[in-house]
1. Does the stretch A:67-80 contain any residue that is within 16 Å of ligand 1 (Cβ to nearest atom), within 10 Å of another protein chain (Cβ to nearest Cβ), within 30 Å of A:Val230 (Cα to Cα) and in contact (Cβ under 8 Å) with a residue 24 or more places away in the chain?
2. List the residue pairs whose Cβ atoms are under 6 Å apart, where the first residue sits in the stretch B:270-283 and is within 9 Å of another protein chain (Cβ to nearest Cβ), the second is outside any helix (DSSP H, G or I) and crowded, with 17+ Cβ neighbours inside 10 Å, and the two are 6 or more positions apart or on different chains.
3. For the stretch A:37-52, how many residues meet the condition of being within 10 Å of ligand 2 (Cβ to nearest atom) and in contact with an Asp or Glu (Cβ under 7 Å, 6 or more places away or on another chain)?
4. If you take the residues of the stretch A:63-84 that are surrounded by fewer than 23 Cβ atoms within 10 Å (Cβ to Cβ) and β-branched (Val, Ile, Thr), which of them is nearest to ligand 2 (Cβ to nearest atom)?
5. Go through the stretch A:13-60 and give me each residue that's hydroxyl-bearing (Ser, Thr, Tyr), more than 9 Å from ligand 1 (Cβ to nearest atom) and crowded, with 19+ Cβ neighbours inside 10 Å.
6. How many of the residues in the stretch A:344-365 are buried (at least 17 other Cβ atoms within 10 Å of the Cβ) and more than 14 Å from chain C (Cβ to nearest Cβ)?
7. Where in the stretch B:103-189 are the helices (runs of 4 or more DSSP H), entirely inside, with at least 3 residues that are surrounded by fewer than 21 Cβ atoms within 10 Å (Cβ to Cβ) and facing another protein chain (nearest Cβ under 7 Å)?
8. Test each condition in (1) in contact (Cβ under 8 Å) with a residue 40 or more places away in the chain; (2) in contact with a Lys or Arg (Cβ under 9 Å, 6 or more places away or on another chain) for B:Ala66 and report the one that comes out false.
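The values are calculated or read from the model by the stated rules, or taken from the named source; none is laboratory data. The structure presented is a predicted model; accordingly, all values stated were derived computationally and were not measured. Cβ atoms come from the backbone with ideal geometry, glycine included; neighbour counts cover every protein chain shown.
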Amino acid sequence: MAQVVLKDLVKTYGSVYAAKDVSLTVNDGEFVALVGPSGCGKTTTLNLVAGLIPITSGDIVIGDRIVNDLDPKDRDIAMVFQNYALYPQKTVFQNLAFPLMMRKLPKDEIDRKVREAAKVLDITHLLERKPRELSGGQQQRVALGRALVRDPAVFLMDEPLSNLDAKLRVQMRSEIKRFHQDLNATIIYVTHDQLEAVTMADKMAVMNGGLLQQYDTPANVFANPVNMFVASFVGSPAMSLVPLELSSSNGQSALTSAEGWSLPLSERNARKVAGASSNKVVLGARHSTINLHKTQMPGTVPARVYTVEPTGDITFVQAFLAGAIVNISLPPSVVVAPDEQVWLEFDQDRIHLFDGQTEMALRAD
Amino acid sequence: MTSETVNSAEPVRVARRRGIDGWRWAGRIFLTLLVGFTIMPMFWMVITSLKTGFAAMQYPPQWWPASPTLDNYWRLLDPNGSVGRDFLRYFWNSMFVSVATTVLAVLVAVPAAYAFSRFRFPGRNFLFFAILLRNMFPAVVFLVPLFILMRVLGLVNTHGSLILTYLTFGLPLAIWLLKGFYDNIPIQLEQAARIDGATRFQAFFHIVMPLSTPGIIATSIYSFIGAWNEYIYAYTFLTRHDQMTLPVGIQRFFSENATDWPGLMAATFLMSVPVVVLFLVLQKYFVRALTEGAVKH
Amino acid sequence: MSSVEKQAIFRDVPGFVPKRPSFGQKIWRSRADYLYVAPAILVMLVVIAYPIYYTIELSFFNTPASLSLADKQFNGIDNYVTILTSPVFWKVTWQTIVWTVLSTFFAFLLGLGAALALHREFVGRALLRGLLLIPWVISAVAASYVWKWLYHSDFGAIGAALVQLGITDRPINFIDNSTSALYSLIVVNVWKEFSFAMIMLMAGLQTVPDSLLRAAQVDGANPWQRFWHVTFPHLSGVSTVTILLLVVQNFNSFIIPFIMTGGGPVGSTQIWITHIYELAFLRQRWGVGAAYAVLLFIIMMTLGYFYVRALTRGDESRAGA
Ligand SMILES: Nc1ncnc2c1ncn2[C@@H]1O[C@H](COP(=O)(O)OP(=O)(O)OP(=O)(O)O)[C@@H](O)[C@H]1O
Ligand SMILES: [Mg+2]
């Protein structure tokens, strides 16, 4: 096992940046999830680490070697591909044996290792089949197995679960996690599903448009998103973002809407907005930190219910507030109807404030 | 209809409307006529080849030979007779030239098609178009300059001149067909192989090559048939008759025995056998190559 | 934190465009790629680029019959003038058009019919397909002799059959007669190449998604409507390529007219290529022959433009690395 360091990694296609100045360190034995929307450069970054595409500039360190110019085969990595990439003409056994064969291991050792990996993944009964005779989940296991038979420094996984149905995905999720714990493996795991990242990873790296936005533990990313993109990308339902105007009277800062209401800010939040580059400030709040009232109360702001989605133990409500849509979760005992007038109360200690111009989070210090 | 049966507990069973079978019958009749048109000349070729010269020259013709004979074939295949000696020599010349062309075409086309499918080097499109355009030009345009070129290279009256020339018309289609195959093989397979420890070449050899075997077979059939049937270059480049290939040889045979139609028909039959057998045995690869590679939507 | 901030701001800076490598750099970086195509390019260069250059040169000279290049004389565009003012040129061109258009039309039509008729599964389908493909596979020389024998004015099977069926009184002179010769050869040509259209279109038919046809069936389309609205539009790409290839092939035909009639009788089956061959090799008028070839080259380049475009549609959308 080994650490992986990316230093100012750049990859361009013509004049398009697929990865722009990506820098991050994956410690030995860490499980890092690379997340971001489609086309943000996750696969590109992974392929750069694997050596499948040449880097435009920057450095990649695996273990204690700079591997920029090494062939994929010499980087000591294993990779699970987005679409599995099982060799169609080979049986499952031959698929698993191929990496060992390429490393010129003796035949009996290949046989032993393949059977061992097959046992761990519970695919022993499939060894003589061809990939097209397998279900999606089985193919998935074989693809994992092909990475497992070796003992690489780093595992790279590119959305390995994206083609599976929901139930299988949950099951495979815990299996991969177990596998990480048992082997204490260094894993870089690409996904566009932030829930997968939050539940599996030690750290998550959020990417957008080729740029690394934030790299931290899932808990920290969730609690302190650095900008509006991360705030809206991590968490489900997404964090609500309401663009407002900053105003102050008698030394009391408040957020004002075009509709005329205003929300006075606590002293700590007032210190945060003092750093804003203009009077445009975006209020962010997660669904669980917003209280809904049926009557007007001090410190509440008016909103109109848009949709109501009961899920059983929680009811999700979307409401219009100052022209933006706000997600709220309610206990099923509270009943609201679309178009109903309601009043929302924000928990001042748990709201997020963003600079409306730079989209960066505003901090108190 | 339904309003009248509202009280009835039984729902009305609606007869399934069968589409008129007119289209299917039209297809069958058309196909029968087409097959007749296709095999009639081949049928007559075989019938004639079984007649004596005298029986062939009758009016009205014997639709079925009164006394069928294989003499025409024995004559062509007898290594001791003068006709047989020539014919067998032409046959082996054709075989040699066609096999050599096929092997070389595959060896040259495989890496080129792979590169055109996988790499994005400057000039790629231009070169690919230039190669495809080769098949737009008739042999006659190249005849004089190539003849002079072969004279310079000292290849006139050798099979080398034919092999080199045949390569140029086999290659474009070979490259095109194979490229279609490689385009359909996901690049991730090679990437996986390279991560599994293979070099670029090993990845190609162990993973891509086996998957493109049908394409290689199809390419080989095409090159072989093209070389086997080629006429103009062979007619121009070869003047010594011990070098001649079958199409030229048969023409020579005809000009010397202008009325030996049964002999000529036997010769055309024997000449057609190798390509027809080869094609019929391997036609599924050819169709597959077109379907999977060349003719996508 | 600060680096993240820098990046996030960075994103919106206009005009921040990565430096593009120069053309030379790109070539140098791809040097290994060229090794793969080098053998193919080399062969093509020797056997194509050089002859084309040479033909163009020859077309501006008057070269002696001996093809002794040292004695050739520059004569400007005389060769071209000779061609375009000759009545033979227009006759041959008209015959070439008739030959090309009729051959292409009927070969495509028969090929399309055969492909559609063979599209559904039935016992013996592969055999039938193989049988229909035989004319395309065998040598044109062989086919020409077989048909020459079928058309024979005294002992030909077709003439005799027509008489026995009471359709004509006397055997028809198919190819020894200047009014019917060209059409008789077109029949041979269609026989020889319709299965090429068939196999291309069969391949095309297999790419028509079943789900689309089923969807149309559910929507209430009858067989003809399904063909017209689903199958046929799907075939348009293949059809374009097939027709273009047929046109090129027919325009460039040589063997069938050369072997069967040699361009006669009285030039009635002379088409461009046989005419060029006759000028150059039988009458040693190298310059005029070369000028013809250059004109042909121009026509072919025009067709070639469409051919390449039809062939490479969608090629760029496929990714590579
Ligand atoms: N071979 C290529 N040529 C040109 N552009 C490319 C190429 N490969 C990727 N790109 C571009 O680079 C960007 C990043 O692509 P990448 O495949 O890394 O996205 P991704 O984050 O993996 O997305 P997804 O979640 O859809 O897999 C995209 O804008 C893509 O269009
Ligand atoms: Mg991806």
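1. yes
2. Final answer for the pair search is B:Ser272/C:Ile138.
3. The number of residues fulfilling the criteria is 2.
4. The extreme case among them is A:Val67.
5. none
6. 5
7. Answer list for the stretch B:103-189: B:124-133.
8. B:Ala66 satisfies all of (1) in contact (Cβ under 8 Å) with a residue 40 or more places away in the chain; (2) in contact with a Lys or Arg (Cβ under 9 Å, 6 or more places away or on another chain) except (1).
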